[in-house]
Amino acid sequence: MNWTLITATNNETVLKNCLLNSPDVQFASDVLLQTGYHSAAEAYNDAIKQSKTDLLIFVHQDVYLPEGWINKVQDAIKVLSETDTEWGVLGVWGARSSSESVGFVYDGGWRQVLGRAFKGGIEVDSLDEVVLILRKSSGLRFDTRIPGFHMYGTDICLEARQRGRKCYAISAFCIHNTNQYEMLPWQFWKGYLAMRRKWKAQLPVRTTCTKITYWCWPMVRWNIVRAINLATGRDRAPVKRVQDASELYREIVRSGAVASQGDDVPECSRIGGQQS
């Protein structure tokens with residue numbers, strides 16, 4: 001299977017310790033490291049122009065892809081090809097309008113395995129940006145009106161739906177070795193407000209970490225509650241990413257939370273929103 005790995009990067013140390021330290025990177029037909037862009041949309045659209053393969057895999061720089069990861073992607077695409085040859089976007093963690101989140105990933109912000117292993121794909125309304133997979137031939141492109149590096153995953157899923165294409169979470173377990181936010185940055189909420197303007201007719205829109213509504217109440221409530229909890233000590237201090245993502249993966253396997261190469265997980269450790 002020919003595929004291009006794409007990431008928007010601004011931290012060489014994180015990139016080398018996480019994504020480029022992933023065993024399966026060696027199997028990519030090409031690796032495009034996009035630096036110096038003002039938004040994910042600009043970085044990714046430029047990479048789409050450069051790419052020579054149809055299958056494009058966009059991954060955060062702080063993600064570790066365990067050995068065998070690309071085989072899981074290939075298996076999921078094979079199953080989906082039997083039921084939906086025109087799928088739009090795939091990812092490892094997604095949200096449904098029912099407020100249920102599905103997929104299979106380790107989130108460093110929560111220090112937990114989210115979801116569990118499954119076959120094929122589970123249809124979702126939006127996908128987290130940690131991993132996004134699409135085909136160049138689909139014609140899907142990222143909207144440069146969405147500023148910064150947030151919300152573009154939800155946006156491209158909505159774009160796919162407008163074209164009659166469905167989006168799916170797949171079971172390709174990976175490590176999101178992220179820092180947890182103390183407060184979500186203003187750039188996140190700028191993306192939220194841009195999505196609110198663009199998709200006004202489709203509101204409310206469910207994402208993996210919030211809900212976009214006309215009155216923006218989830219945005220207001222999130223910030224108020226988080227500020228109170230931090231001030232009163234109800235919430236722990238934000239956790240930081242580990243230095244060695246590969247060792248973190250081995251620890252997770254040793255703990256029994258997942259089987260080697262993400263083959264299985266006994267139970268869902270957490271179903272819910274995540275910090276990006």
**Where a residue in the stretch 1-15 is within 30 Å of K78 (Cα to Cα) and its partner, wherever it lies, is of a type in the set (D, E) and surrounded by fewer than 21 Cβ atoms within 10 Å (Cβ to Cβ), with Cβ under 8 Å and at least six apart** = N2/D54; T4/D30; L5/D30
**Message:** Testing E82 on (1) closer than 12 Å to L132 by Cβ; (2) surrounded by fewer than 15 Cβ atoms within 10 Å (Cβ to Cβ), one condition comes back false. Which one is that?
**Reply:** (1)
**Asked** Which of (1) closer than 27 Å to G164 by Cα; (2) touching a residue at least 60 places away in the same chain (Cβ under 8 Å) is the odd one out, the single condition D62 does not satisfy?
**Response** (1)
**Item:** Out of S97, S137, sole residue that is in a loop (DSSP other than H, G, I, E, B), polar (S, T, N, Q) and either surrounded by fewer than 16 Cβ atoms within 10 Å (Cβ to Cβ) or under 13 Å from the mean Cα position of the chain (by Cα) (or both)
**Value:** S97
**Prompt:** If you scan the stretch 18-45, which residues turn out to be assigned to a helix (DSSP H, G or I), without any contact (Cβ under 8 Å) to a residue 40 or more places away in the chain and surrounded by fewer than 16 Cβ atoms within 10 Å (Cβ to Cβ)?
**Reply:** Q26
**Message:** Condition (residue is over 25 Å from V253 (Cβ atoms) and not small (G, A, S)) applied to the stretch 111-124: is it met by at least one residue?
**Reply:** yes
**Request:** Would you check if there is a residue in the stretch 111-126 being free of Cβ contacts under 8 Å to residues at least 12 places away in the same chain and out of contact with any strand residue (DSSP E or B) (no Cβ under 9 Å at 6 or more places or on another chain)?
**Result:** no
**Message:** Residues to consider are F104, F173, F142; find the one that is assigned to a strand (DSSP E or B), modelled with pLDDT of 95 or more and more than 24 Å from D235 (Cβ to Cβ).
**Reply:** F104
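The values are calculated or read from the model by the stated rules, or taken from the named source; none is laboratory data. Keep in mind that this is a model prediction, so the values were computed, not measured. In this analysis, Cβ positions are derived from the backbone assuming ideal geometry, glycine residues included, and neighbour counts consider all displayed protein chains.
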